[in-house]
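Chemist: Once you've had a glance at the structure underneath, I'll fire off some questions.
Each reported figure results from applying straightforward, stated rules to the coordinates on display, with no laboratory input. Model, not experiment: these values are computed from the prediction. Cβ placement follows ideal geometry from the backbone for every residue including glycine, while neighbour counts extend to all protein chains displayed.
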Amino acid sequence: MKAIASRENAAYKALAKLAASAAERKRRALSVIEGAHLVAACLDAGHPVAQLFLGRRAAATEEGARLLARARPGEAFELADPLFDAVSGVESPSGVLAVVPTPAGRAVPPGASLCLALEDLQDPGNVGTLLRSAAAAGAGHVLLSPTCAFAWSPKVLRAGQGAHFALNIVEGADLAAFVAAFSGTTVALGGGARASLFETDLAGPVAFLVGNEGSGLSPELGRAATVRARIPMPGRAESLNAGVAGSIALFEAVRQ
């Protein structure tokens, strides 16, 4: 493992650029994952690690040594702790960070059993929450419209807590084409819908459509769905958070 103590080190400068720039991450098809839990989730899924960076304190721990042995990265570096803290995206850095190839999304089979399609979701926390719920519910595929928050951004990765590596994530997806080709039931979630989600048959292949936090689904996509459904809310709240609504829908399908 190579030690880095200078900001002028070429590998460190490349890492700092990746950590700071979404455009650079997209250009190089690389993602930056931070924290022992996320790195372990990546390794558990059999996903390769291109570079592993450990802060000096983390490198001296048993956990750091285990991750280094498991990762067998192309390159491994020990960073002086102030250098690690400078590139970290969290208030209390764990001292563990990896650069990994961003998985390319695959075509979704028309008869996939459980899918989630997100249109124009802007909040990284909502996107990460929905990815986490999709993985927990056993969904295999999540499609994101071109206007969604970037699924592989550090904030979405942290909110997803490792879910990314259990899913086929398709970014820039043509959701209208997906709905047209899907052979199961497509459910557009919306507060103004007449049908109750809990009275909708979700036993077969199903795909849930979740729209923008403020405006919901576009009218075109809502009309294209097999059914529009609402989540009954007997309380006094006006609406549900998009991440919560999508999660409830996913687990209603699990329940059925």
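Chemist: Given H placed 1.01 Å from N in the peptide plane, which residues other than close sequence neighbours of SER31 have an amide H under 5 Å from its amide H?
Modeler: Excluding prolines and chain starts, which carry no amide H, the hits are VAL100, THR102.
Chemist: Can you tell me what share of the DSSP beta bridges in the stretch 180-256 is antiparallel? A percent to the nearest 5 is fine.
Modeler: On the way: 1 of 10 bridges.
So the antiparallel bridges in the stretch 180-256 amount to around 10 percent.
Chemist: Among ALA20, THR185, CYS148, pick out the residue whose Cα is farthest towards the positive end of the charge dipole of the chain, where Lys and Arg carry +1 and Asp and Glu carry -1 on C-beta, about the Cα centre.
Modeler: ALA20
Chemist: Through the Karplus equation 6.51 cos²θ - 1.76 cosθ + 1.60, θ set to phi - 60°, convert the phi angles of the stretch 232-240 into ³J(HN,Hα) values in whole Hz; use x for Gly and Pro.
Modeler: x, 10, x, x, 9, 5, 6, 7, 10
Chemist: Okay, next question. Report the gain in length on full extension from LYS26 to ASP174: 0.36 nm times residue separation, minus Cα-Cα distance, nm rounded to one decimal.
Modeler: The span from LYS26 to ASP174 would gain 51.4 nm if fully extended.
Chemist: So, one more: Would you give the gap between the C-alpha center of the stretch 109-131 and the C-alpha center of the stretch 18-56, rounded to a whole Å?
Modeler: About 21 Å separates the Cα centre of the stretch 109-131 from the one of the stretch 18-56.
Chemist: Here's something else I'd like to know. Across 10 Å bins from 0, what is the distribution of all Cα-Cα pair distances for the chain, in whole percents?
Modeler: With a bin width of 10 Å, the distribution comes to 7, 30, 29, 18, 12, 3, 0.
Chemist: What's the FRET efficiency of ALA14 with THR147 using the Cβ-Cβ distance as r and R₀ = 35 Å, to the nearest 0.05?
Modeler: Computed FRET efficiency for ALA14 and THR147 comes out at 0.75.
Chemist: When ranked by the protection proxy of mean other Cβ atoms within 10 Å per residue, highest first, what sequence do the peptides 144-150, 65-71 form?
Modeler: Final packing ranking: 144-150, 65-71.
Chemist: Still on this structure, I have one more. Return the single residue from THR129, THR200, THR61 with maximal mean-square fluctuation; model: Gaussian network over the chain, springs between Cα atoms under 10 Å.
Modeler: Its mean-square fluctuation being the largest, the pick is THR61.
Chemist: Let me ask something else. Using R₀ = 22 Å, calculate the FRET efficiency as 1/(1 + (r/R₀)^6) where r is the Cβ-Cβ separation of ALA69 and ALA3; round to 0.05. Walk me through the numbers before you get to the answer.
Modeler: On the way: r = 18 Å, r/R0 = 0.82.
The calculated FRET efficiency here is 0.75.
Chemist: Determine the dipole magnitude for the stretch 110-225: charges of +1 sit on the beta-carbon of Lys and Arg, -1 on that of Asp and Glu, nothing else is charged, the reference point is the Cα centre, and the result goes in debye to the nearest 20.
Modeler: The dipole magnitude comes to about 240 debye.
Chemist: To continue, here is another question. Once you have the Cα-Cα distance between ARG236 and GLN256, take 0.36 nm times their residue separation minus that, and quote the gain in nm to one decimal.
Modeler: 4.5 nm is the gain from fully extending ARG236 to GLN256.
Chemist: Assigning unit charges at the beta carbon (Lys, Arg +1; Asp, Glu -1) and nothing else, what dipole magnitude in debye, to the nearest 20, does the chain show about its Cα centre?
Modeler: 340
Chemist: Per DSSP H run of n ≥ 4, the term is -39500 (n - 2.57); total these for the chain, divide by its residue number, and report the mean residue ellipticity at 222 nm rounded to 500 deg cm²/dmol. Walk me through the numbers before you get to the answer.
Modeler: Details: 11 runs with 96 residues, N = 256.
Roughly -10500 deg cm²/dmol at 222 nm, from the helical runs in the chain.
Chemist: Provide the percentage of antiparallel DSSP beta bridges, counting only those with both residues in the stretch 40-113; round to the nearest 5.
Modeler: Expressed as a percentage, antiparallel bridges in the stretch 40-113 total about 45.
Chemist: I would also like to ask the following. Set the Förster distance to 35 Å, then compute FRET efficiency between ALA86 and ARG223 from the Cβ-Cβ distance, nearest 0.05.
Modeler: Values: r = 50 Å, r/R0 = 1.42.
The computed FRET efficiency comes out at 0.10.
Chemist: Determine the percent antiparallel among the DSSP beta bridges restricted to the chain, to the nearest 5.
Modeler: Looking only at bridges with both residues in the chain, the antiparallel portion is about 25 percent.
Chemist: Here's something else I'd like to know. Give me the percent relative contact order of the stretch 17-159, please, defined on Cα pairs under 8 angstrom at least 6 residues apart.
Modeler: 27
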